[in-house]
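*Asks:* Structure provided below as structure tokens; questions to follow.
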Amino acid sequence: MSEHIDKTDAQWQQQLSEEQYRITRCKGTERAFTGKYWNAKEDGVYRCVCCGQPLFDASAKFDSGTGWPSFWQPVVEDNVDTHDDNSAFMRRTEVVCSHCDAHLGHVFEDGPAPTGLRYCINSAALQLAPK
């Protein structure tokens, strides 16, 4: 995608549902096993709900048993950014969309081969585009 997206909170609130806004713009988390895509099996590409940037291919999705959609790699490494997250008395790595800074979830080093990574992503941050 082209240049970085910068919108006001009011613009994001107008574009997104309350849940999408809380998760993507306020770094929220949906409850496990409640999101639209935690158990989805459809083929396609998961895009950022805020800007449409391709994030994860369904072929990289796996059942982690956590209750959130989990992927072992992004579509393109540069489409996501990571940041240290020391909130909630934990040390984690936050995953955000590189195009609009939407909070997506977190990445952990307990995933399957070949990467060993588990991108644990909130369903409300995603929109599945079927192939």
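The values are calculated or read from the model by the stated rules, or taken from the named source; none is laboratory data. Worth saying up front: this structure is predicted, and the values here are computed from it rather than measured. Backbone-built Cβ (ideal geometry, glycine too); neighbour counts: all protein chains shown. Remember, those area values only see protein heavy atoms, side chains included, never the ligands or the DNA or RNA. Shrake-Rupley method; radii C 1.70, N 1.55, O 1.52, S 1.80 Å.
*Asks:* Can you send over the solvent-accessible area of ARG47, 1.4 Å probe, protein chains only, in Å² to the nearest 10?
*Replies:* Looks like 90 Å² after rounding.
*Asks:* So, for the stretch 56-131, what is the accessible surface per residue at a probe of 1.4 Å, expressed in square angstrom?
*Replies:* Per residue, the stretch 56-131 has an accessible area of 48 Å².
*Asks:* Ignoring ligands, DNA and RNA, please state the percent of accessible area on the stretch 39-131 from carbon and sulfur, probe 1.4 Å.
*Replies:* Carbon and sulfur atoms account for 49 percent of the accessible area of the stretch 39-131.
*Asks:* Are any of the pairs LYS61/LYS131; LYS7/LYS131; LYS7/LYS41; LYS7/LYS36 more than 23 Å apart by Cα-Cα distance, and if so, which?
*Replies:* LYS7/LYS131; LYS7/LYS41; LYS7/LYS36
*Asks:* Another question, then. Taking the alpha carbon gyration tensor of the chain, what are the square roots of 5 times its eigenvalues, largest first, to the nearest whole Å?
*Replies:* After scaling each eigenvalue by five and taking roots: 21, 17, 15 Å.
*Asks:* Turning to a different aspect of this structure: Tabulate in residue order the Karplus-calculated ³J(HN,Hα) for the stretch 69-74, using 6.51 cos²θ - 1.76 cosθ + 1.60 with θ = phi - 60°, rounded to whole Hz; enter x for Gly and Pro.
*Replies:* Working through the residues one at a time gives x, 10, 10, 9, 6, x Hz.
*Asks:* Right, another one. Under 5 Å between amide H atoms, partner at least 5 residues away or on a different chain: which partners does ASP57 have, H built in plane at 1.01 Å?
*Replies:* TYR46, VAL75
*Asks:* Let's see if you can work this out: charge +1 on each Lys and Arg Cβ, -1 on each Asp and Glu Cβ, no other charges. What is the dipole magnitude of the chain about its Cα centre, in debye to the nearest 20?
*Replies:* 400
*Asks:* Excluding TRP72 itself, what net charge comes from residues whose Cβ is under 12 Å from its Cβ, given Lys and Arg +1 and Asp and Glu -1?
*Replies:* Spelling it out: positives minus negatives among the neighbours equals -2.
*Asks:* Of the chymotrypsin sites (Phe, Trp or Tyr not before Pro) in the stretch 40-131, which ones lie in a loop per DSSP and count no more than 11 other C-beta atoms within 10 Å? Don't skip to the answer; put the middle values down first.
*Replies:* Numbers: sites: TYR46, PHE56, PHE62, PHE71, TRP72, PHE89, PHE108, TYR119; in loops: TRP72, PHE89.
Taking the stretch 40-131 and a limit of 11 other Cβ atoms within 10 Å, the loop chymotrypsin sites (Phe, Trp or Tyr not before Pro) found are PHE89.
*Asks:* Please list the non-local residues whose amide H lies under 5 Å from the amide H of VAL80, H modeled 1.01 Å from N, same-chain partners needing a gap of 5 or more.
*Replies:* For VAL80, the qualifying residues are SER98.
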